[in-house]
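K.L.:
One structure coming up, written as structure tokens, with questions to follow.
The values are calculated or read from the model by the stated rules, or taken from the named source; none is laboratory data. Owing to the predicted nature of the structure, the values given are computational and were not obtained by experimental measurement. Reconstructed Cβ throughout: ideal geometry from the backbone, glycine too, with neighbour counts over all protein chains shown. Surface areas here come from the heavy atoms of the whole protein model, side chains and all, with no ligands, DNA or RNA. Shrake-Rupley method; radii C 1.70, N 1.55, O 1.52, S 1.80 Å.
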Amino acid sequence: MLEGARLPLKGWQQAAVAVGSAVGALLDPRRADLIAALGETTGKPAFERVLERMKRSPEGRAVLLERPRVISANVGHAWDLPPNTFGAAYAKFMGSRNFSPDDRPPVRFMETEEIAYVATRAREVHDFWHTLFGLPTNLMGESALKVIEFEQMLLPMCALSVVGGSVRFSDKQRKLFYQHYFPWALRAGMRCTDLMCVYYERHFDEDLEDVRRRWGIIPAPPPPQLHAA
């Protein structure tokens, strides 16, 4: 059983948690627990659709059957892989930011183990997507990835996060995001494969550029000023 996975809420309780989490997350975007609660309380229909897609995909079915967890005990070997591999790129992404795969808050508000696992998986593969798309973890990068996540899963929380993120942009950042990163993210999210149906851990030892091509990943473009020379 997933720890803390089944705390079913009544309708009014779910709405109260959703509203409280949304307000709290806007006031303090660093509160990962509030953002997670918002995603769970508003995302059940989206997670149910993802579950059905995973059941129709051979690799997705394997993920559902084996229920891999992205925790240190399971992905630590990525740090020992050759530098050209997807696993090594993920390890570099995590290590350069002093991130641990064990730091993500547990899923708490899902009614069934199956949906709880899908929500957990969506949360835990987030850093794989950062790695594949070459996105930083600053506000710009997180907002761009939320656009891709929305296109992939139609989670309301992702759309709300983009709106909330753009509110905190400076005028210059907002212009850069909507003119440069937002159009790229829309295109990237539509072009790539169904990312929730990928068993990432089985591809750690494969070349990063090979898996990007196979999964239709368009890496994030550099800021426009880098083109000027």
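K.L.:
Look through region 201-229, keep the residues that are open to solvent by 60 Å² or more (accessible area, probe 1.4 Å), at pLDDT below 95 and assigned to a loop (DSSP other than H, G, I, E, B), and return whichever of them is farthest from Glu59 (Cα to Cα).
P.N.:
Going residue by residue through region 201-229, those that are open to solvent by 60 Å² or more (accessible area, probe 1.4 Å) are 202, 205, 209-210, 213-214, 225-229.
Keeping just the survivors that are at pLDDT below 95 gives 225-229.
Now restrict to residues that are assigned to a loop (DSSP other than H, G, I, E, B): 228-229.
On the way: Ala228: 42, Ala229: 44 Å.
The qualifying residue farthest from Glu59 (Cα to Cα) is Ala229.
K.L.:
Run Ser100 past the list (1) within 19 Å of Met196 (Cβ to Cβ); (2) of a type in the set (Gly, Ala, Ser); (3) under 17 Å from the mean Cα position of the chain (by Cα) and report the number of the one that doesn't hold.
P.N.:
So Ser100 meets the others, but not (1).
K.L.:
Further question: Going through Ala188, Ala144, Ala159 one at a time, which residue ends up being touching a helix residue (DSSP H, G or I) at 6+ places or on another chain (Cβ under 9 Å), modelled with pLDDT under 95 and of a type in the set (Gly, Ala, Ser)? Can you show your working first?
P.N.:
Numbers: Ala188 fails: modelled with pLDDT under 95; Ala144 fails: modelled with pLDDT under 95.
When all the criteria are applied, what remains is Ala159.
K.L.:
Here is a follow-up. Could you give every pair whose Cβ atoms fall below 7 Å, whose first residue belongs to region 79-107 and is more than 20 Å from Leu208 (Cα to Cα), and whose second residue is modelled with pLDDT of 95 or more and not in a helix (DSSP H, G or I), counting only separations of at least 6 or pairs across chains?
P.N.:
Once the first residue is more than 20 Å from Leu208 (Cα to Cα) and sits in region 79-107, its partners that are modelled with pLDDT of 95 or more and not in a helix (DSSP H, G or I) give Asp102/Ile71.
K.L.:
Let me ask something additional. Is it the case that region 47-62 has a residue that's at pLDDT below 70 and either in contact with a Pro (Cβ under 7 Å, 6 or more places away or on another chain) or buried (at least 16 other Cβ atoms within 10 Å of the Cβ) (or both)?
P.N.:
No, that holds for no residue.
K.L.:
Under the condition of being under 11 Å from the mean Cα position of the chain (by Cα) and under 16 Å from Val50 (Cα atoms), which residue from region 105-140 is most open to solvent (accessible area, probe 1.4 Å)?
P.N.:
Checking each candidate, the answer is Arg123.
K.L.:
Can you name the number of the only condition in (1) open to solvent by 10 Å² or more (accessible area, probe 1.4 Å); (2) free of Cβ contacts under 8 Å to residues at least 40 places away in the same chain; (3) of a type in the set (S, T, N, Q); (4) assigned to a helix (DSSP H, G or I) that Ser143 fails?
P.N.:
(1)
K.L.:
Right, another one. Within region 71-89, can you find the residues that are crowded, with 17+ Cβ neighbours inside 10 Å and in contact with a Ser or Thr (Cβ under 9 Å, 6 or more places away or on another chain)?
P.N.:
Ala78, Phe86, Ala89
K.L.:
Same structure again: Return the total of residues in region 147-181 being surrounded by fewer than 16 Cβ atoms within 10 Å (Cβ to Cβ) and among the hydrophobic types (A, V, I, L, M, F, W, C).
P.N.:
4
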